[in-house]
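Asker: Before I ask anything, let me first share the structure, which is written out below as structure tokens.
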Amino acid sequence: MASASLSTRASFKCGPKAFRNSHLDGYLKSVVSFPVPQASDSLYSPIRVVNRAYGSNLIVTASKSTGLNTALSSTNGSLKVPEERVTVLVIGGGGREHALCYALERSPSCDAVFCAPGNSGIAQSGDATCIPDLDITSSEAVISFCRNWGVGLVVVGPEAPLVAGLANDLVKAGIPTFGPSSEAAALEGSKDFMKKLCDKYNIPTAKYQTFTNPGDAKQYVKDQGAPIVVKADGLAAGKGVVVAMTLDEAFEAIDSMLVEGSFGSAGSRVIIEEFLEGEEASFFALVDGETALPLESAQDHKRVGDGDVGPNTGGMGAYSPAPIVTEELKKNVMESIILPTVKGMAAEGCKFVGVLYAGLMIEKKSGLPKLIEYNVRFGDPECQVLMMRLESDLAQVLLAACRGELGKVSLTWSAELATVVVMASEGYPGAYKDGTVIKNLDEAEQVSPAVKIFHAGTAFDTDGNFVAAGGRVLGVTAKGKDIEEARAKAYDALDVVDWPEGFYRHDIGWRALKHRHMFAH
């Protein structure tokens, strides 16, 4: 594997001096026009400006006080606020990115947050300045933007730009970037790569075989029997996994991927692996190439329907923390899965810098964790509950990862539990209709101060209404002292949202409720 860009990343010291708000204001005035806003003028209050360089609308939020760095001596006890403050660019435009913008906007050391492309909900919320016309598939365009606007940290949200090598190019250009190189992103970009790494470094995972020939794959399925799992090797937006309960379902999945090409090149190779029985959990760790720092636990709900029925989706809801992830289990996961992966990647010449998201199965028989898959970015919707609970200065934590200094970092979390319920367009994860009108989002968010609505796929229509622009559209998130209170607040807010063409699961958090009731009795 190529390692030149990785060694650059490992030795590069982040943190060029970011401009303060006064410099941001001055720079804006030099390149953009400022119409005097009237109360009814813009959907993007408080100021709407035109970026001449990109020919797009820039949404500029109210600037933070530049006196924060002197007024605050620490950020929730985790890191000292530096004299040098930072401007951050978040790459992506979904619910995960909205949650990251929300946490970064609250970071005391963060001067400004840009999001490219962002979405209408992120812009309207004031959590970031959205740059809808910045071509995030062009490293040259992103680098130019960062240099023009004094960006001191880039946080790459989705997996596709990482696999394509955006982080490689940014680091080579001297721009601190939180996210792995394309070589390291192969942990998610190729399930075959991930499985071979597990084999080599004795990381517990399901037994498997890799196939490109449908006949050979079907014969293996016949030999192994059902239930069995069929996975597309490459990136398939969270939909390339079929848990086949019968042989016919497995054969159909194999034909879909290898014969019909339903996932394109991502499905030109399939992984057939044993079915693991147990409970799934999501485990996150920040990684600086050598050190891994675990985040709080979370649990996702993959299936589309109540009671965990129907096809797998990108995730219909989540909560944090997950009761099944005890301190003992967390230690086991770090020692048997996360740290061997970090060390193994370094030994292979592709140090990993970013967030490792391990999808785990806690086996019913042994109670021990096995690795199902790796994602090389924050999970969605798990990121939403994690960012609701994080109290540390996220900008400084991510910069520490870029510098290889995670060993100096400790994280502070809210003691409250957080839950998120995803509202999706009717038909998801199959065909769905875009452009349906969503009303009462402001009213829903005002149900409780503990409620936050993250936008995963929204846009504005010509009348200024929010409309659906994706399969998973909203993440209605809430905190509470326990799972019952957090769920109640989230579902109270959902009751206020007026979107006849949307749907959601009504049982998010049911495993945590079951766990709580078991221990209560």
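Asker: Considering only residues that are open to solvent by 50 Å² or more (accessible area, probe 1.4 Å) and modelled with pLDDT of 95 or more, which ones fall in segment 504-519?
Answerer: 506 - this is the single residue of segment 504-519 that is open to solvent by 50 Å² or more (accessible area, probe 1.4 Å) and modelled with pLDDT of 95 or more.
Asker: Looking only at segment 471-481, which residues are over 11 Å from residue 423 (Cβ atoms) and crowded, with 20+ Cβ neighbours inside 10 Å?
Answerer: Answer for segment 471-481, where residues must be over 11 Å from residue 423 (Cβ atoms) and crowded, with 20+ Cβ neighbours inside 10 Å: 477, 478, 479.
Asker: Collect the residues in segment 164-187 that are aliphatic (A, V, I, L, M), more than 15 Å from the chain's Cα centre (by Cα) and closer than 20 Å to residue 286 by Cβ, keeping them in residue-number order.
Answerer: 166, 167, 170, 171, 175, 184, 186, 187
Asker: If you don't mind, another one. Can you tell me which residues in segment 193-234 are within 17 Å of residue 249 (Cα to Cα) and without any contact (Cβ under 8 Å) to a residue 12 or more places away in the chain?
Answerer: 215, 216, 219, 223
Asker: I've got another one for you. Condition (residue is part of a loop (DSSP other than H, G, I, E, B), out of contact with any Cys (no Cβ under 8 Å at 6 or more places or on another chain) and not hydrophobic (A, V, I, L, M, F, W, C)) applied to segment 479-486: is it met by at least one residue?
Answerer: Yes, segment 479-486 contains a residue that is part of a loop (DSSP other than H, G, I, E, B), out of contact with any Cys (no Cβ under 8 Å at 6 or more places or on another chain) and not hydrophobic (A, V, I, L, M, F, W, C).
Asker: If I go through segment 223-272 residue by residue, how many of them are in contact with a helix residue (DSSP H, G or I) (Cβ under 9 Å, 6 or more places away or on another chain), under 18 Å from residue 303 (Cβ atoms) and not aliphatic (A, V, I, L, M)?
Answerer: So the answer is 3.
Asker: Could you count how many residues in segment 442-461 are aliphatic (A, V, I, L, M), part of a strand (DSSP E or B) and surrounded by fewer than 23 Cβ atoms within 10 Å (Cβ to Cβ)?
Answerer: Residues meeting the conditions: 2.
Asker: Among (1) crowded, with 20+ Cβ neighbours inside 10 Å; (2) over 19 Å from the mean Cα position of the chain (by Cα); (3) not in a loop (DSSP other than H, G, I, E, B), which single condition is residue 325 missing?
Answerer: Checking residue 325 against (1) crowded, with 20+ Cβ neighbours inside 10 Å; (2) over 19 Å from the mean Cα position of the chain (by Cα); (3) not in a loop (DSSP other than H, G, I, E, B), the one that fails is (3).
Asker: Inspect all residues belonging to segment 201-209 and state whether any of them is closer than 25 Å to residue 336 by Cβ, part of a helix (DSSP H, G or I) and modelled with pLDDT of 90 or more.
Answerer: Checked segment 201-209: no residue is closer than 25 Å to residue 336 by Cβ, part of a helix (DSSP H, G or I) and modelled with pLDDT of 90 or more.
Asker: Also, quick follow-up: Take residue 277 and tell me if it is modelled with pLDDT of 90 or more, surrounded by 18 or more Cβ atoms within 10 Å (Cβ to Cβ) and acidic (Asp, Glu).
Answerer: Judged against the criteria, residue 277 is not a match.
Asker: Could I ask something else about it? Residues being open to solvent by less than 40 Å² (accessible area, probe 1.4 Å) and part of a strand (DSSP E or B): count how many of those fall in segment 295-311.
Answerer: 6
Asker: Is there any pair with a first residue in segment 482-509 that is free of Cβ contacts under 8 Å to residues at least 60 places away in the same chain and a second that is open to solvent by 50 Å² or more (accessible area, probe 1.4 Å) and polar (S, T, N, Q) whose Cβ atoms are under 9 Å apart and which are 6 or more apart or on different chains, and what are they?
Answerer: Once the first residue is free of Cβ contacts under 8 Å to residues at least 60 places away in the same chain and sits in segment 482-509, its partners that are open to solvent by 50 Å² or more (accessible area, probe 1.4 Å) and polar (S, T, N, Q) give 493/446; 496/440; 496/446.
Asker: If I filter segment 418-441 down to residues being open to solvent by 60 Å² or more (accessible area, probe 1.4 Å) and closer than 11 Å to residue 473 by Cα, which single residue comes out as modelled with the highest pLDDT?
Answerer: Of everything passing the filter in segment 418-441, 426 is modelled with the highest pLDDT.
Asker: On to the next question. Name the single residue, out of those in segment 112-156 being surrounded by fewer than 24 Cβ atoms within 10 Å (Cβ to Cβ), among the acidic types (Asp, Glu) and not in a helix (DSSP H, G or I), that is farthest from the chain's Cα centre (by Cα).
Answerer: 133
Asker: Across segment 340-375, what is the total count of residues that are assigned to a strand (DSSP E or B), small (Gly, Ala, Ser) and out of contact with any helix residue (DSSP H, G or I) (no Cβ under 8 Å at 6 or more places or on another chain)?
Answerer: Adding up the residues that qualify gives 1.
Asker: So in segment 341-385, with the set limited to residues that are among the charged types (D, E, K, R) and out of contact with any strand residue (DSSP E or B) (no Cβ under 9 Å at 6 or more places or on another chain), which one is nearest to residue 166 (Cα to Cα)?
Answerer: 348
Asker: Additional query: Could you please let me know if residue 464 is modelled with pLDDT under 95 and open to solvent by less than 10 Å² (accessible area, probe 1.4 Å)?
Answerer: The answer is no for residue 464.
Asker: Hey, another quick one. Please give the number of the condition residue 309 fails out of (1) touching a residue at least 40 places away in the same chain (Cβ under 8 Å); (2) more than 17 Å from the chain's Cα centre (by Cα).
Answerer: Residue 309 satisfies every listed condition except (1).
Asker: If a residue must be at pLDDT 90 or above, in a loop (DSSP other than H, G, I, E, B) and either touching a strand residue (DSSP E or B) at 6+ places or on another chain (Cβ under 9 Å) or open to solvent by 40 Å² or more (accessible area, probe 1.4 Å) (or both), how many such residues does segment 220-270 contain?
Answerer: 4
Asker: Here is a further query. Just give me the residues in segment 392-410 being in a helix (DSSP H, G or I) and crowded, with 20+ Cβ neighbours inside 10 Å, in sequence order.
Answerer: Within segment 392-410, 394, 395, 396, 397, 398, 399, 400, 401, 402, 406 meet the criteria.
The values are calculated or read from the model by the stated rules, or taken from the named source; none is laboratory data. The shown structure was predicted, so the numbers you read here are calculated from the model rather than taken from an experiment. So basically every Cβ, Gly included, is an ideal-geometry build from the backbone, and we count neighbours across all protein chains shown. Surface areas here come from the heavy atoms of the whole protein model, side chains and all, with no ligands, DNA or RNA. Shrake-Rupley method; radii C 1.70, N 1.55, O 1.52, S 1.80 Å.
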